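Asks: Following this message is one structure expressed as structure tokens.
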Amino acid sequence: MAVKFKADSRRWLTLGYNPRELEKEIREFWETNQIPQKLIQLREKTNVDVLGYVEGPPTLNGVQHVGHARGRVMKDLRYRMKAMQGFHVTFRAGWDCQGLPVELEVEKALGVKNKKELLERVGEERFVEECKKTVMKYYREWRSADRKLGMFMDYDKAYWTYLDKYIEREWQYLKRAWEQSLLGEGYYVVAYCPHCQTSLSNAEVGLGYEEVEDPSIHFKFKVQGAENEYFLVWTTMPFTIITDMMIGVHPEAEYAKVKVNNETWILTKERVEPIMQKLNVEDYKLLEVVLGEELKGIKYEYPFIDMVPKQRELDKHPLVHTVVCEDFVDTNTATGVVHLSPGNGEDDFLAAQKRDIPIYVPFDNECRFTTEAGEFSGLFARDADSKVVDKLRKMGLLLSVETVRHEYPTCWRSHHKLVWLARREYFLWTDRVNEKVVKAAENVNYFFDGPKNRFLAFLKEGKPWCLSRERVWGAPLPIWICEKCGAKTLVASKKELFERALETPSQDFELHKPWVDRLTLKCEKCGGEMKREPFVLDCWHDSGASPYAGFTDEEFEKYVPVDFLVEAIDQTRGWANSLLLEHVILTGKAESPYKAFLFYGFVLDEKGRKMSKSLGNVIEMNPLLERNSADVCRFYMLWKCSPTDSMNFDTRELGKRPYQVLGTLYHLHRFLMQNAEYDNFNPRKHTLKWANENNALKSPDRWLLSKLQRAVREVTEKFEVCEFQFAMSELEEFVVNIVSRQYIPVVRRELWTDAPETLNRRLAVYATLWHVLKTLTFLFNPVTPYLSEAMYQRVYKQLDKTLPESVNFEDWPKPDKILQDDVLEQEFETLMQCVSLVYSARQNAQLKRRWPLQKVVVVAPKKVQNAMKNLEEAFLELANVKKIDYVEETPEETNEKRWVLTLGEGMQVLLDTSRDESLLGEGVMRDLARRVQALRKELGFMPTDILNGVHVAELDSESVRLLKPYLTDMAELVRTKKVYLHKKRSEVKAEWKERRLDGKKIYVAIE
Ligand SMILES: [Zn+2]
Ligand SMILES: [Zn+2]
């Protein structure tokens, strides 16, 4: 085989697009040459501006899955684009290491059932060590997934929430809150997880709604001193009847007294009909209607007064077990009469506090009833439901019992149903700064209205933030309380702590339980001993402190408010919220710590179901990227839908369109490289300017360059406003249609020849492709960093050694007005319409596109004709015809059978379908040439290799006759010294391969 291609041609030119292999190579290149580190240094030194960034820290209690990766891909996109635009971005990693999520993971690993067992069997010290171990284990998993994904984060400067230095800076937030009286102790109703044995913040409650089953009961409370008169009440938490203290009605609502048999029932008037239907009461009579206000003060008989001695005692209070009026009572659902349990409900609690009614909370830490609950003591709260129902039934007070499936808050970590309990906790009184918080949030750019409204609506609720957790592995609450006089002090640094400690701390001291609890301080007021409040902080406070705790003072000044954050939509209640609250408290200003926040949608499975462990449909990144390309995944995630939409992730789709688009970009580069090297193209010499000066650019080149400017502008704009999917379609369209399907076919034949007199023309095509593909490589870099780097190294740097070391050091493309030509684009638009009319005419006549035809007649107005005439060369090439005629009116000849007419918008095309012997012969030649080209590829020949001979055998005699005049053309087309025709498969120096030509067997051999 003759090898005319350069001896040093690179191996990759012979290969197909194998992204996983390519990514491995590029990863090594980045690591060996420390490209991410160099990029940071480069932008630190020279930049147009500095952009702050803080990482929404992944919790190190699990592995990276596809839902996380979707956000990481968007972050990395933004970083790479901004870096290419010349910005220095603090793209530092951060790791969320403490809190309940990590504790539960360790509990599971240690095989302990609950906190009590944990403390008894394992102890705090060992538990803390285990937590650190698990954090490091998941850290390695995350790094491994990030590495595969191609993330360019700065891991050396990552923040870790469990380190003392972080905790100390986090404490500064609390100190500021303390100084403004925004941090304090309170007795309040909080959501409590019986399994985790700790309270949850309001924000956390929103994270864990699940569909659960609950009893749904209607029952009645008897009015004291009245004959057979009852209040009708509905509840899904029967156990709260044990802690019942009042009945609530709406003061302005109308309540009906309804006669049912020999009883009178009281409920809201609007609900009489539906409730009677529900309870299957057909015969009833409305006796009287009164305002809620008039019911106030009515005493009712508490049903369990004999079973719960404490309730008998409380019953003596003048307001206990009476009707109270409250505006929060909803009269549009149920009976409009609610029973109130201040120990188990927030509204109920506030209603009791207002009236100085004692709070009755007979629960231990495991949510079991204490002895204060009399007959119910020892029962777990939710297990008491059935006993309560039984009792009511026996007492004749139960009207109906059903099971409902409804959305109910569960623990976002352990999935247990939450219970509302009044407890002593520490709070950030964020409700007092809510106006500032909302104002700060309103000035942030969220890109899309849906998430923005969701976030603002949540913020407007403005509830206090329950900050304390009764757990172990967390940042300690730095409040010490005097055992003697009750004075409290907040200590916000290790230094101060050591200075005030009664005993010097041990060597292995760290800012965690149990070490920190061992430090007692001297009371400044009375000299007594102060002990720490045993709480740790809500872990959302840890991550929310990252803008200050993750930076130095100087960096905080410089980088915060940060430029742009991206997190999943559930972070409206999570990190986006805690960041904002803490920043407002720290600075005292109505200022958000971020200027822009993109909330992205969840990733669901291919059928649109939520990914969950129980369904077994969670896609983890490490295994996914062991089998699939990171570039293809990244492209897919950005391309498939809007970032705010939920995405149905289907791994089968990866190998389809996304792979095809990237494969096309890859093959375009191979095409350029093979041809350009053959003609000794030198990009430093053969520039667009050079081509222009030598009059070597033709209209297809100018058109492509003009289209490119549009693409650069559109893609940049769409990236900036996070409409990634539109940017991706633009790139897809440009690569697959504009370059590959439209431009290349027009110029391909010009590149076949190696005639010296057309060399400049070929070099001009390379200059055009070089410029266009290089620009595309830059635009793709934020999306497919591996492919872009690979092309950069293998094509651009190969031919131009003066380029920077990595594609990431290049400048982001800007549209060039000089290259923009709107008129030419319009003309091409017309041309493409016309070409597609020819294609459909060919299809009607069953004539393959590669068979040349004699003539096409274009019927169109003069203006259109002129546009077409400018681009006639391209038209002849794409339509594969020998001649074009232009007319304004449809000619008579349409009626003849040889003409096929197709109608377009404002134009018609008449295709001459008749083929004489020479056209037939050329058609046979093209068909054969195609099979030879395919065989060349299959056998691994370079497109530029010149073959010694091409042999064809057993072609029918008619085809042989037609083909004979075209053998020289064919030899040139398939790059061989000579084409030989054989009757039978005689002895040749190559292996015969069977092929089919129009249903008949032929044989081809190449050497
Ligand atoms: Zn829990
Ligand atoms: Zn004291």
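Asks: What percent do you get for the relative contact order of the stretch 509-648 when only Cα pairs under 8 Å and 6+ apart count?
Replies: The normalised contact order for the stretch 509-648 reaches 19 percent.
Asks: Follow-up question, since we're still on this one. Could you work out how far apart the two model spin labels at Lys1001 and Ser642 are, taking each label as a point 7 Å from the Cα in the direction of the beta carbon, and quote it in nm?
Replies: Here the modelled spin labels are 5.9 nm apart.
Asks: Counting only C-alpha contacts under 8 Å and six or more residues apart, can you give the relative contact order of the chain as a whole percent?
Replies: Numbers: 1777 pairs, mean separation 128.6, N = 1007.
Taking the mean separation of contacting Cα pairs over the length of the chain, I get 13 percent.
Asks: Expressed as a rounded percentage, what relative contact order does the stretch 881-967 have, with Cα pairs under 8 Å and six or more residues apart?
Replies: In percent, rounded to a whole number, it is 26.
Asks: Return a single number: how many Lys pairs in the stretch 157-265, at a sequence separation of 8 or more or on separate chains, have alpha-carbon atoms below 28 angstrom apart.
Replies: Pairs that pass both the separation and distance tests number 7.
Asks: Considering only protein heavy atoms, what is the solvent-accessible area of Lys82 at a probe of 1.4 Å, reported in Å² to the nearest 10?
Replies: 20
Asks: What residues qualify as long-range amide H neighbours of Ser216, i.e. H under 5 Å apart, gap of 5 or more or another chain, H built at 1.01 Å from N?
Replies: Glu402, Thr403, Val404
Asks: Please report the carbon-and-sulfur percent of the accessible area for the stretch 566-672; probe 1.4 Å, protein heavy atoms only, DNA, RNA and ligands left out.
Replies: Whole-percent figure for carbon plus sulfur exposure: 48.
Asks: Turning to a different aspect of this structure: What's the FRET efficiency of Asn622 with Lys38 using the Cβ-Cβ distance as r and R₀ = 35 Å, to the nearest 0.05? Show your work: numbers first, answer last.
Replies: On the way: r = 27 Å, r/R0 = 0.77.
For R0 = 35 Å, the calculated efficiency reads 0.85.
Asks: While we're here: Could you please state how large a percent of the accessible area of the stretch 907-1007 is carbon and sulfur, counting protein chains only and using a 1.4 Å probe?
Replies: Solvent-exposed carbon and sulfur of the stretch 907-1007 make up 48 percent of the total.
Asks: Go through Lys285/Lys310; Lys75/Lys613; Lys640/Lys774 and tell me which ones have a Cα-Cα distance over 28 Å in this structure.
Replies: On the way: Lys285/Lys310 38 Å; Lys75/Lys613 26 Å; Lys640/Lys774 25 Å.
Distance filter (> 28 Å) returns Lys285/Lys310.
Asks: At 1.4 Å probe size, put His65, His415 in order of accessible surface, largest to smallest.
Replies: His415, His65
Asks: Right, something else. Top to bottom by accessible area (1.4 Å), largest first, where do Arg92, Arg850, Arg121 land?
Replies: Sorted by accessible area, descending: Arg121, Arg850, Arg92.
Asks: Turning to a different aspect of this structure: Taking θ as phi - 60°, what are the ³J(HN,Hα) couplings along the stretch 232-237 by the Karplus curve (6.51, -1.76, 1.60), each to the nearest whole Hz, with x for Gly and Pro?
Replies: Going residue by residue, I get 8, 10, 10, 8, 10, 10 Hz, with x marking Gly and Pro.
Asks: Further question: Under a 1.4 Å probe, what is the accessible area of the stretch 491-595 per residue, stated in Å²? Walk me through the numbers before you get to the answer.
Replies: Numbers: 3990 Å² over 105 residues.
Per residue, the stretch 491-595 has an accessible area of 38 Å².
Asks: Loop only by DSSP, 14 or fewer other Cβ within 10 Å of the Cβ. Give me the trypsin sites (Lys or Arg not before Pro) in the stretch 473-524 that pass, ordered by residue number.
Replies: Those that pass, being in a loop and sparsely packed, are Lys484.
Asks: Okay, moving on. Looking at the chain, what % of its DSSP beta bridges pair antiparallel, to the nearest 5?
Replies: Working: 85 of 118 bridges.
Beta bridges within the chain, antiparallel portion: roughly 70 percent.
Asks: How about the chain: what cysteines have no other cysteine beta carbon under 4.7 Å from their own?
Replies: So far as the 4.7 Å Cβ criterion goes, Cys97, Cys131, Cys325, Cys367, Cys466, Cys539, Cys633, Cys641, Cys722, Cys834 stand without a partner in the chain.
Asks: Out of residues 5 or more away from Lys157 or on other chains, whose amide H comes under 5 Å of its own, with H placed 1.01 Å from N in the peptide plane?
Replies: So Lys157 has HN proximity to Ala93.
Asks: Could I ask something else about it? Which FRET efficiency, nearest 0.05, do Leu901 and Asp517 yield, Cβ-Cβ r, R0 56 Å?
Replies: Working: r = 91 Å, r/R0 = 1.63.
The pair Leu901/Asp517 has a calculated efficiency of 0.05.
Asks: Once neighbouring chains are kept in place and the probe is 1.4 Å, which whole percent of the accessible area of the stretch 733-845 is contributed by carbon and sulfur? Can you show the working numbers first?
Replies: Values: 2100 of 4180 Å².
Roughly 50 percent, rounded to a whole number.
Asks: Testing the spin-label approximation: label points 7 Å from Cα along Cα→Cβ at Asp679 and Glu591. State their distance in nm.
Replies: Result for the modelled spin labels: 5.9 nm.
Asks: In nm², what is the average projected area of the convex hull enclosing the Cα atoms of the chain?
Replies: Averaging across all directions leaves 55.5 nm² for the Cα convex hull.
Asks: By what distance, in whole Å, do the Cα atoms of the stretch 108-232 stretch along each of the three principal axes, largest value first?
Replies: 78, 41, 37
Asks: Starting from the Cα of Lys964, draw a straight line to each of the lysines and keep only those under 23 Å, dropping any in the same chain fewer than 8 residues away.
Replies: Output for Lys964: Lys848, Lys882, Lys977, Lys978, Lys983, Lys984, Lys989, Lys993, Lys1000, Lys1001.
Asks: Considering only DSSP states other than H, G, I, E and B, which GluC sites (Glu not before Pro) in the stretch 219-264 qualify as loop sites with at most 16 other Cβ atoms within 10 Å?
Replies: Within the stretch 219-264, the qualifying GluC sites (Glu not before Pro) (loop, at most 16 other Cβ atoms within 10 Å) are Glu227, Glu252.
Asks: Compute the distance in nm between two label points, each set 7 Å from the Cα along the Cα-to-Cβ direction, one at Gln277 and one at Tyr886.
Replies: 7.5
Asks: Also, I was wondering about something else. Heavy-atom accessible area per residue, the stretch 669-793, 1.4 Å probe: how many Å²?
Replies: 32
Asks: Which FRET efficiency value, to the nearest 0.05, is calculated for Lys175 and Glu407 with the Förster distance at 25 angstrom and r the Cβ-Cβ distance?
Replies: Efficiency, from the Cβ-Cβ distance: 0.05.
Asks: Could you put Cys325, Cys131 in order of accessible surface area, largest first, with the 1.4 Å probe and the full protein assembly present?
Replies: Cys325, Cys131
Asks: Using θ = phi - 60° and the Karplus form 6.51 cos²θ - 1.76 cosθ + 1.60, what ³J(HN,Hα) does each residue of the stretch 602-609 get, whole Hz, x for Gly and Pro?
Replies: Coupling constants for the stretch 602-609: 6, 9, 10, 7, 5, 8, x, 8 Hz.
Asks: Using modelled amide H (1.01 Å from N, peptide plane; none on Pro or chain starts), what sits under 5 Å from the amide H of Thr198, excluding residues fewer than 5 places away?
Replies: Here the answer is Cys193, since their amide H atoms fall under 5 Å of that of Thr198.
Asks: Okay, moving on. Can you tally the net charge around Lys488? Count Lys and Arg as +1, Asp and Glu as -1, for every other residue whose Cβ sits under 9 Å from the Cβ of Lys488.
Replies: Details: positive: none; negative: Glu185, Glu533.
So the environment of Lys488 carries a net charge of -2.
Asks: Determine which residues of the stretch 461-501 fall in the zone a paramagnetic label at Cys526 would reach in this model, i.e. backbone nitrogen under 14 Å from the point 7 Å along Cα→Cβ.
Replies: It comes to 481-489, nothing else.
Asks: Mind listing which trypsin sites (Lys or Arg not before Pro) in the stretch 932-1007 are in a DSSP loop and have 13 or fewer other Cβ atoms within 10 Å?
Replies: Lys977, Lys978, Lys983, Lys984, Arg985, Lys989
Asks: Show me, for the stretch 280-291, the HN-Hα J-couplings you get by feeding each phi into the Karplus relation (A = 6.51, B = -1.76, C = 1.60, θ = phi - 60°), rounded to Hz, glycine and proline as x.
Replies: 6, 9, 8, 9, 8, 9, 7, 8, 6, 10, 10, 7
Asks: Ranked highest first by average number of other Cβ atoms within 10 Å, how do 546-557, 469-480, 574-585, 624-635 line up?
Replies: 574-585, 469-480, 624-635, 546-557
Asks: Before rounding to the nearest 500, sum -39500 (n - 2.57) across all DSSP H runs of length at least 4 in the chain and divide by the residue total; then give [θ] at 222 nm in deg cm²/dmol.
Replies: The helix-only estimate for the chain comes to -12000 deg cm²/dmol at 222 nm.
Asks: Before I look further, what does the stretch 401-447 give for accessible area per residue, probe 1.4 Å, in whole square angstrom?
Replies: Values: 2260 Å² over 47 residues.
Each residue of the stretch 401-447 exposes 48 Å² on average to a 1.4 Å probe.
Asks: Cross-link candidates for Lys817: which lysines have Cα within less than 17 Å, leaving aside residues fewer than 8 places away along the same chain?
Replies: Once the sequence-local lysines are set aside, what remains near Lys817 is Lys689, Lys707.
Asks: In whole angstrom, how far apart do the alpha carbon centroids of the stretch 782-824 and the stretch 364-417 sit?
Replies: So the separation of the two Cα centres works out to 66 Å.
The values are calculated or read from the model by the stated rules, or taken from the named source; none is laboratory data. This one's a predicted model, so the numbers in the text were calculated from it and none came from an experiment. In this analysis, Cβ positions are derived from the backbone assuming ideal geometry, glycine residues included, and neighbour counts consider all displayed protein chains. With ligands, DNA and RNA removed, areas are computed over all heavy atoms of the protein, side chains included. Shrake-Rupley method; radii C 1.70, N 1.55, O 1.52, S 1.80 Å.
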